[in-house]
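See below for the structure under consideration.
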Amino acid sequence: MTPDWKDQVAIVTGGASGIGFAVASKLHSLGVQTVLLDWNVEALEKAKSMLESQPLIIPTDVGEEVSVKSAVREAVQKFSRIDILFNSAGIVGQTNLKGHEADADDFDQVYRVNLKGSFLMCKAIIPHMLKRDYGRILLVASMAGKEGNAGMTAYSTTKAGVIGLTKTLGKDYADTGITVNSLAPAVIRTPILETMPQEQIDYMTAKIPMGRCGTLPEVVAMATFILSPESSFTTGFCFDLSGGRATY
Ligand SMILES: NC(=O)c1ccc[n+]([C@@H]2O[C@H](COP(=O)([O-])OP(=O)(O)OC[C@H]3O[C@@H](n4cnc5c(N)ncnc54)[C@H](O)[C@@H]3O)[C@@H](O)[C@H]2O)c1
């Protein structure tokens, strides 16, 4: 049976900031029981205080399996089900460096959060979705993963991995009620840009044919559709949000 928004439970990682918080706020406003996961405890508390009928928050490191399992267990204990995973936790790591100049340790850290984190979240949540034969998973990849952004080796590579993960899991569960998709935004103005040199931001923005950054409402509108029960015949797909940059 197709669930109503108000009967659903969503886990949103990176839920304390930017795209994650914007999507969590929308789901929350639709009546979805929304659980915010983030490793920034202070930002998580602030996010909670900004939403009416305050959501459950669980400090979590998505790159650490013990932390992910414990968070999912706590959410299931409280709500008995999980219908939606919006996986937005991510970091950029070093930028504006050529591949041979990038640090191996930085690569490991970006991989751990962006790609292993996406995998661990899906691995922990899918068994709960299988029990009800229903689920909507949306992983935040990036235009960098589709095309490769010069100067962003670890970021582009791990986001390409997220797209690969999407395609694989989409097929793994295509005969169930679970869909697995991803988003490939170009530049969206959020706090993540504060971690990058202006030169790198200018390089990425210049590639957008619409000549502007995307906005949070534009991300939220697309995410809400993909996470809706009505979006039931698309899986294993990476949705473009790039102002015309990607034509495939
Ligand atoms: N803003 C953009 O231009 C843009 C473009 C393409 C893709 N993205 C992707 O969108 C996602 C959200 O980014 P944003 O722009 O909202 O940035 P943001 O920095 O505002 O939000 C990211 C959140 O992830 C959290 N986080 C980071 N590592 C974590 C970990 N190990 N465990 C739990 N939480 C962790 C941060 O604390 C933060 O709250 C990221 O995956 C990012 O790569 C952003």
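None of the figures in this text is laboratory data; all of them are computed from the coordinates on show. Since the model is a prediction, treat every value here as computed from it, not as a measurement. In this analysis, Cβ positions are derived from the backbone assuming ideal geometry, glycine residues included, and neighbour counts consider all displayed protein chains.
When the chain is treated as a GNM with alpha-carbon contacts under 10 Å, the residue of Ala16, Ala150, Ala89 showing the greatest mean-square fluctuation is Ala150. For Thr34, the amide hydrogen comes within under 5 Å of the amide hydrogens of Ala10, Leu56, counting only partners 5 or more places away or on other chains and with H modelled in the peptide plane. Taking each of Lys98/Lys207; Lys171/Lys207; Lys116/Lys146 in turn, the alpha-carbon distance tops 29 angstrom for Lys171/Lys207. Rounded to the nearest Hz, the phi-derived 3J(HN,Hα) couplings of segment 115-124 under the Karplus curve 6.51 cos²θ - 1.76 cosθ + 1.60 (θ = phi - 60°) are 9, 5, x, 4, 4, 5, 5, 4, 4, 6, where x marks glycine and proline. For the residues Ala174, Ala141, Ala24, a GNM of the chain with alpha-carbon springs under 10 Å puts the largest fluctuation on Ala174.
Note on the chain: GNM, Cα springs under 10 Å; of Val220, Val66, Val110, the largest mean-square fluctuation is that of Val66. Under 15 Å of direct C-alpha separation, and excluding same-chain neighbours fewer than eight residues apart, Lys46 reaches these aspartates and glutamates: Asp38.
Neighbour counts of other Cβ atoms within 10 Å put Phe237, Phe86, Phe107, Phe225 in the fewest-to-most order Phe225, Phe237, Phe107, Phe86. The label point for Ala150 and the one for Thr215, both projected 7 Å from the Cα toward the Cβ, are 3.2 nm apart.
Simple rule: put +1 on each Lys or Arg Cβ and -1 on each Asp or Glu Cβ in segment 5-240, find the dipole, and look at Met210, Asn87, Gln33; the Cα lying farthest toward the positive end is Gln33. The stretch between Asp7 and Lys167 holds 54.8 nm of extra length on full extension. This uses 0.36 nm per residue minus the Cα-Cα distance. Think of segment 5-240 as a dipole: +1 on every Lys or Arg Cβ, -1 on every Asp or Glu Cβ, centred on the Cα centre; then among Tyr111, Leu139, Gly161, Leu139 lies furthest on the positive end.
At an R0 of 22 angstrom, the distance between the Cβ atoms of Asp175 and Glu230 translates into a FRET efficiency of 0.65.
The distance between label points at Lys207 and Asp105 comes to 2.9 nm (points 7 Å beyond Cα on the Cα→Cβ vector). In this structure, Lys131 and Asn40 have a Cβ-Cβ separation that, at R0 = 30 Å, corresponds to a calculated FRET efficiency of about 0.45. If R0 equals 25 Å, the separation of the Cβ atoms of Ser70 and Ile192 corresponds to a calculated FRET efficiency of about 0.45.
Once C-alpha pairs closer than 8 Å and six or more residues apart are averaged by separation and normalised to the residue number of segment 179-248, the relative contact order reads 55 percent.
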